[in-house]
Amino acid sequence: MKKASVYDNVTKQFNKAADLMHLDPEIRKILARTNNEVIVNFPVKMDNGHIEMFTGYRVQHNNALGPYKGGLRYHPAVDIDEVRALATWMTWKSAIVNLPFGGAKGGIQIDPFKYSASELEHITRRFTFALGSNIGPEFDIPAPDVNTNPQIMAWILDTYLSTMPAHERQAAVHVVTGKPVESGGSIGRNKATGQGVVFTIEQWAKDTNFDLEGAAYFVQGFGNVGSWASRLLKPHGSKLVAVEDVSGAIANPKGIDPDDLYEYTQKNKGLIGGYAKAKPIDHETFLATKADIFIPAALENQITLKTAPMLNVKLVAEGANGPTDPDGDKILHEKGTDLLPDVLCNSGGVIVSYFEWLQNKRSEFWDLEEVDGKLHRKIVAGYERVRDTAREHNIDWRTAAYIVALSRLETVYKERGIFP
């Protein structure tokens with residue numbers, strides 16, 4: 001039997017919500033397909049003087065609500081199917097939290113840890129050049145994702161601006177978001193996705209009369225999202241009891257200090273392996289950790305038919321994109337485990353990317369209090385829309401989130417009509 005791809009999962013989720021809400025069949029045809037799919041193969045000269053060929057992708061799913069928007073990831077598993085799925089999720093994500101953006105995603109099939117900093121710079125710049133006019137500040141705006149960061153965004157920015165006429169360069173700084181603050185980035189963007197995860201957990205706790213003080217949680221993935229979510233839960237008095245990343249899993253029932261673990265990873269190639277203040281455990285033991293909250297913040301398809309029964313938590317808060325497949329969803333729903341779906345829970349990144357884009361367009365600079373305040377309002381409003389839709393239809397939150405997104409897109413298509 002062929003293993004379901006990530007895009008198959010997206011299609012299943014889409015069809016389930018579209019059936020339930022009786023989405024207009026003509027609009028359904030449009031939303032079921034991507035608008036554009038760009039694949040570029042490009043050569044880069046390595047440090048040793050030899051040429052290597054790379055394959056890069058940019059998929060633009062839909063731009064009915066505004067310019068395409070979505071991250072770029074550098075990972076060996078990047079392929080057209082995965083990027084298609086991620087681009088589609090971006091469309092839903094922006095629609096749920098009322099952003100004037102469509103959905104896109106991209107990346108390069110590469111293990112970035114095998115290349116030097118100068119090679120990564122050359123690969124990034126050549127990829128940007130190969131994409132050419134497929135990205136642009138009012139057309140398609142990339143951002144960081146798995147294994148990419150503000151430095152990589154700065155290289156993309158510089159390369160893109162270098163291809164423009166000199167008198168237009170300053171007007172195009174918003175071609176990427178997630179830039180370093182000094183190069184036009186927004187304060188608060190680095191922690192935005194993790195911050196959004198914590199804001200939605202706070203709302204869930206308020207709704208369910210759950211006290212975060214002393215609550216136990218565990219996290220899969222300790223990169224940008226996982227580490228920030230952990231560090232931002234710490235002031236609530238919540239206790240991090242286990243963490244897993246590509247280097248293995250660790251646990252300490254008495255609690256792991258997320259700040260201390262983060263400091264350790266900064267000196268250990270970003271990995272948790274070998275951390276002395278927690279004991280190593282295997283993957284199954286990690287998933288079976290008894291806790292209140294699980295934050296999957298790694299890659300797709302982690303909670304499945306096989307692994308969902310192992311989870312022993314009250315809430316799953318999806319920091320990653322697509323960590324739960326449809327079988328996993330069904331099991332969690334039957335177990336009565338609450339789930340904050342990725343398209344809502346991790347939308348903090350795209351929300352603050354929108355703020356960065358706006359600040360660049362207006363030549364403004366907002367302080368952290370303003371960014372966090374606006375992020376809180378946006379994501380809580382999205383949370384309430386999804387919660388109320390779930391109650392109204394008596395359905396799971398993921399399907400409710402899809403219905404919120406699809407309703408907004410359906411309205412826009414009906415108002416604007418189809419050209420010609």
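The values are calculated or read from the model by the stated rules, or taken from the named source; none is laboratory data. From a predicted model like this one, the values you see are computed outputs, not experimental measurements. Every residue, glycine among them, receives a Cβ derived from its backbone with ideal geometry; neighbour counts consider all protein chains shown.
Brief remarks on what is shown
- The range 325-334: number of residues that are in contact with a Ser or Thr (Cβ under 9 Å, 6 or more places away or on another chain) and free of Cβ contacts under 8 Å to residues at least 40 places away in the same chain: 4
- Residue match in the range 365-373 (condition: surrounded by 19 or more Cβ atoms within 10 Å (Cβ to Cβ), aliphatic (A, V, I, L, M) and modelled with pLDDT of 95 or more): yes
- Among the residues of the range 335-349, just one is assigned to a helix (DSSP H, G or I) and free of Cβ contacts under 8 Å to residues at least 60 places away in the same chain, namely Lys335.
- Residue ID - nearest to Pro137 (Cα to Cα), chosen from residues in the range 177-194 that are crowded, with 24+ Cβ neighbours inside 10 Å and among the polar types (S, T, N, Q): Thr177
- Yes/no for Val10 being in contact with a Ser or Thr (Cβ under 6 Å, 6 or more places away or on another chain) and not assigned by TED's automatic domain parsing to the domain that holds Ile141: yes
Yes/no per residue for (1) buried (at least 21 other Cβ atoms within 10 Å of the Cβ); (2) of a type in the set (Lys, Arg); (3) in a helix (DSSP H, G or I); (4) modelled with pLDDT under 95:
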{"position": "Asn360", "(1), (2), (3), (4)": "yes, no, yes, no"}
{"position": "Arg391", "(1), (2), (3), (4)": "no, yes, yes, no"}
{"position": "Leu406", "(1), (2), (3), (4)": "yes, no, yes, no"}
{"position": "Tyr413", "(1), (2), (3), (4)": "no, no, yes, no"}
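- The residue list Pro326, Pro253 contains one member that is touching a Lys or Arg at 6+ places or on another chain (Cβ under 8 Å) and not assigned by TED's automatic domain parsing to the domain that holds Met90, which is Pro326.
- Of all residues in the range 1-31 being of a type in the set (Gly, Ala, Ser) and in contact with a helix residue (DSSP H, G or I) (Cβ under 7 Å, 6 or more places away or on another chain), the one that is surrounded by the most Cβ atoms within 10 Å (Cβ to Cβ): Ala17
- Residue within the range 92-110 that is farther than 25 Å from His174 by Cα and either touching a Lys or Arg at 6+ places or on another chain (Cβ under 8 Å) or buried (at least 17 other Cβ atoms within 10 Å of the Cβ) (or both) present: yes
- Residues of the range 182-201 satisfying the condition of being in contact (Cβ under 8 Å) with a residue 12 or more places away in the chain, assigned to a helix (DSSP H, G or I) and of a type outside the set (Phe, Trp, Tyr): Ser183, Ala192, Thr193, Gly194, Gln195, Gly196, Val197, Val198, Thr200, Ile201
- Of residues in the range 294-329 being among the acidic types (Asp, Glu) and within 17 Å of the chain's Cα centre (by Cα), the one modelled with the highest pLDDT: Glu318
- Taking the conditions (1) touching a Gly at 6+ places or on another chain (Cβ under 7 Å); (2) surrounded by fewer than 17 Cβ atoms within 10 Å (Cβ to Cβ); (3) among the charged types (D, E, K, R) in turn, Lys114 satisfies each one other than (1).
- Some residue of the range 374-384 being touching a strand residue (DSSP E or B) at 6+ places or on another chain (Cβ under 9 Å) and at pLDDT 95 or above: yes
- Top-ranked residue in the range 159-173 [being of a type outside the set (A, V, I, L, M) and in contact (Cβ under 8 Å) with a residue 24 or more places away in the chain; ranked as surrounded by the fewest Cβ atoms within 10 Å (Cβ to Cβ)]: Thr163
- Some residue of the range 146-154 being in contact with a strand residue (DSSP E or B) (Cβ under 8 Å, 6 or more places away or on another chain), surrounded by fewer than 24 Cβ atoms within 10 Å (Cβ to Cβ), not assigned by TED's automatic domain parsing to the domain that holds Ile108 and not β-branched (Val, Ile, Thr): no
To keep it simple, each residue is scored yes or no on (1) among the aromatic types (Phe, Trp, Tyr); (2) over 18 Å from Leu409 (Cα atoms); (3) over 20 Å from the mean Cα position of the chain (by Cα).
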residue	(1), (2), (3)
His61	no, no, no
Gly71	no, yes, no
Val83	no, yes, no
Phe101	yes, no, no
Asp111	no, yes, no
Arg126	no, yes, yes
Pro144	no, yes, no
Tyr160	yes, yes, yes
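Okay, residues lined up against (1) farther than 24 Å from Ser133 by Cβ; (2) of a type outside the set (A, V, I, L, M, F, W, C); (3) modelled with pLDDT under 95; (4) outside the structural domain of Gly103 (by TED's automatic domain parsing):
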position	(1), (2), (3), (4)
Met1	yes, no, yes, yes
Pro25	yes, yes, no, yes
Lys45	yes, yes, no, no
Ala77	yes, no, yes, no
